[in-house]
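What follows is a set of notes on a single structure, which appears directly below.
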Amino acid sequence: MEAQAINPHFPTTLNSKNRNFMAKITCFPQSPTWVSCKSHNLSFVPEFGTSLKKDLSLRSSCVVKAKVGSDGGEELGEGVSRKNLAVFVSGGGSNFRSIHEAILDGRINGDIVVLVASKAECGGANYARNKGIPVIVFPKTKSGSEGLSPHDLVSALRKFKVDNVLLAGFLKLIPAELIRAYPKSILNIHPSLLPSFGGKGYYGMKVHRAVIASGVRYSGPTIHFVDEHYDTGRILAQRVVPVLVTDTAEELAARVLQEEHQVYVEVAAALCEERIIWREDGVPLIRSKDDPDKFS
Ligand code: GRF
């Protein structure tokens, strides 16, 4: 099986038989200062133009670096540029806050450059304003006095040079225009083990009430890529939380939310370090930071 890297500047394939990376590197003038790829054996064969070959350096760890021009962007070791994130919220924004705190701690190689809120006044939007993060409202409110159209939203995200979108309790459907503008770049967190208890109408306490009523013994958050429907995009990460026999929906929600904060930070870190790859059947995987041969 094969998988593709999420970074469009650096297509990578994963071969499931030998689990080695094989990469075909294409040079884009707009790509970050460095492109790099890592392989644990030399089945890795980059195809570079002659002029670029001069700038290649092959290190003992088999990391290949190529200088492809300067755009002034800040770089992580091994050439991964810092990512610009947009977070979308509709409410309190505790996931947004935990991601922001992880960024301030240096656990995520990215910055939240804009917060998109479905309501100008909500916990998430107020937190963002306090932290100096620009807030934009989407979609248009009923009165029409504020809120962007899908077209203007995409333009605004482009203006902020957003690389990835993280939905964190955003209750509105993401417009097709945004999904087309950001392919394989939008993540959502849902508080149940999808595909169960997902879809239109499953949000907030409704999810946890349905989980308890069904009698399932386990629940937990799912992070998935976003498509044009509610909660149906490809699953990237899940965490299991036991459902206790005495649980109220609120108690279960609190336990799931704790896991959400951890898993979303881990996934955002992987995303910003370009450790997400696509298996050839379309399933996204996260490459372990500690052992690049391991995926989850
Ligand atoms: C979380 O439970 C998340 O899974 C769901 O909405 C909730 C948002 O919570 N999509 P918060 O606003 O991050 O506290």
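The values are calculated or read from the model by the stated rules, or taken from the named source; none is laboratory data. Bear in mind the structure is a predicted one, so any value in this text is a computation, not a measurement. Quick reminder, even Gly has a Cβ in these numbers, built from the backbone with ideal geometry, and neighbours come from all protein chains shown. The accessibility values were calculated without ligands, DNA or RNA, using every heavy atom of the protein model including side chains. Shrake-Rupley method; radii C 1.70, N 1.55, O 1.52, S 1.80 Å.
A few notes on this one:
- Sulfur and carbon atoms: percent of accessible area, the stretch 83-286 [1.4 Å]: 53
- Dipole magnitude (debye, nearest 20) for the stretch 83-286, charges at Cβ of Lys, Arg, Asp, Glu: 360
- Cβ-derived FRET efficiency at R0 35 Å, R129 paired with Y218, nearest 0.05: 0.40
- Flagged links, alpha-carbon separation over 21 Å, of K83/K200; K140/K184; K172/K200; K159/K184: K83/K200; K140/K184
- Given charges at beta-carbon only (K, R positive; D, E negative), |dipole| of the stretch 218-280 in Debye: 180
- Amide hydrogen neighbours beyond the local backbone of G233, cut-off 5 Å, H modeled: D227
- Ordering of 242-253, 80-91, 164-175 by packing is 80-91, 164-175, 242-253, highest average first (other Cβ atoms within 10 Å, averaged per residue).
- Within the stretch 83-286, percent of DSSP bridges classed antiparallel, to nearest 5: 40
- The stretch 210-230 versus the stretch 76-126: alpha-carbon centroid distance in Å: 23
- Spherically averaged projected area of the stretch 83-286 from its Cα convex hull (nm²): 11.3
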